[in-house]
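Have a look at the structure below, then the notes.
The values are calculated or read from the model by the stated rules, or taken from the named source; none is laboratory data. Note that the structure is predicted; figures quoted are calculated from it, not measured. Cβ atoms come from the backbone with ideal geometry, glycine included; neighbour counts cover every protein chain shown.
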Amino acid sequence: MTKIKTYEEINQKLKSGKAVILTAEEVSKMALELSPEEIVEKVDVVTTATFGAMCSSGAIINFGHANPPIRMEKIRLNGVPCYEGLAAVDTYIGATACDPDNPTYGGAHVIQDLLEGKDVVLEAWGKGTDCYPRKHIKTKININTINEFTLFNPRNAYQNYNVAVNTTKKMIHTYMGTLLPNLRNATYSTSGELSPLLNDPEFKTIGLGTRIFLGGTQGFVVWPGTQFHTTKPKNEHGVPVTNAATIAVMGNLKEMSSDYIQAAYYDKYGTSLFVGIGIPIPILDIEMAKRVSINNSQIETSVLDYGIVGTPKLGQVTYKELQTGSIKVGGKKIRTAPVASLAKARKIANELKGWLQTGNFEISKPIQMFPQNTSLNGLKETEVDND
């Protein structure tokens, strides 16, 4: 009978340099010849990764106090509005917030500018109080002058995501990119068999406190992500066939790299932030060996029509098909293009593998597991009394 491994045993092997670490792509190839029982004996950790636009992202910033001090009740960074309800000189800037006078520049760009050491104009206003008498300040800040610069993303690393197409006669602009009319292109996201939450679909090893690669440094999973949905339809391999669970993550932006945190603008849609995330999956037992063995031909996702209200489903395809450059929908061949970078995901998976091999990264057992059988509510319009 195969011995079940523990986190402590795997971490000890990592420290001694004896652990066997593979990327998710490498173990998927291994699984073509070896069984899960053999893989659990040979492999200790599998690295997963994704690099794509994650709109539900942002940064917590503490500016420090001026003299005389101000209680900031309206805040702008390079013209981008920030949340002002976090005490006197704390703020949260969301990736999709934008400068009203320049909608192609948003919170994601402010985050990247600060990360790259550039000066950013801070302007803030307050009503003035006995303890915070100043009413206005305009100055420059940078990554060295601010106290804290913390990435906090409420919803990242979707477990799976749909394919976007457009059946109408009109070009449309979406967060999945520009969709040409009459099914002339299809866009998709996630990194397939490398994608973190597809390698642990039931969250056996990913939970509160899981240590991860985040933006080029160590970060943590801090909560289930918003819209955490575990009851979406699954295929025969146990994989959700559309967007399902997510994670909330946090890390120190002062230690991150703009190689893995990058601003983006989608034409006629808005700004977003590309985030690099890598998660090590410890191979604790046969079930985990089976899960990480999944390959692109076994991972399916739904094709949705973004041109029609309600985004009806038109079909279902595998990531193997998507990555060939074309799919067939309703008998029509459609050109495909990713809106996430597989090359960057591979780079992250290999960098995380290197951290583990050199003993610079330790896997962490979650201090609390995530809920199961969760579902979502939708927003309903109701009459509101104006009195």
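Annotations for the structure displayed:
- Options 289, 337, 343: the member that is in contact (Cβ under 8 Å) with a residue 40 or more places away in the chain, surrounded by fewer than 19 Cβ atoms within 10 Å (Cβ to Cβ) and assigned by TED's automatic domain parsing to the domain that holds residue 214: 337
- Filter result for the condition that a residue is without any contact (Cβ under 8 Å) to a residue 60 or more places away in the chain and within 30 Å of residue 41 (Cα to Cα), over 359, 354, 315, 310: 354
- Which listed residue, of 36, 68, is farther than 24 Å from residue 191 by Cα and either not aromatic (Phe, Trp, Tyr) or not assigned by TED's automatic domain parsing to the domain that holds residue 199 (or both): 68
- Among the residues of the stretch 262-295, those that are within 23 Å of residue 115 (Cβ to Cβ) and of a type in the set (Val, Ile, Thr) comprise 271, 275, 277, 279.
- Scanning the stretch 375-385 turns up no residue that is in contact with a strand residue (DSSP E or B) (Cβ under 6 Å, 6 or more places away or on another chain) and small (Gly, Ala, Ser).
- Subset of the stretch 359-385 that is modelled with pLDDT of 95 or more and polar (S, T, N, Q) - its residue that is surrounded by the most Cβ atoms within 10 Å (Cβ to Cβ): 364
- Restricting the stretch 81-106 to residues that are of a type in the set (Val, Ile, Thr) and closer than 18 Å to residue 153 by Cα, the residue that is surrounded by the fewest Cβ atoms within 10 Å (Cβ to Cβ) is 96.
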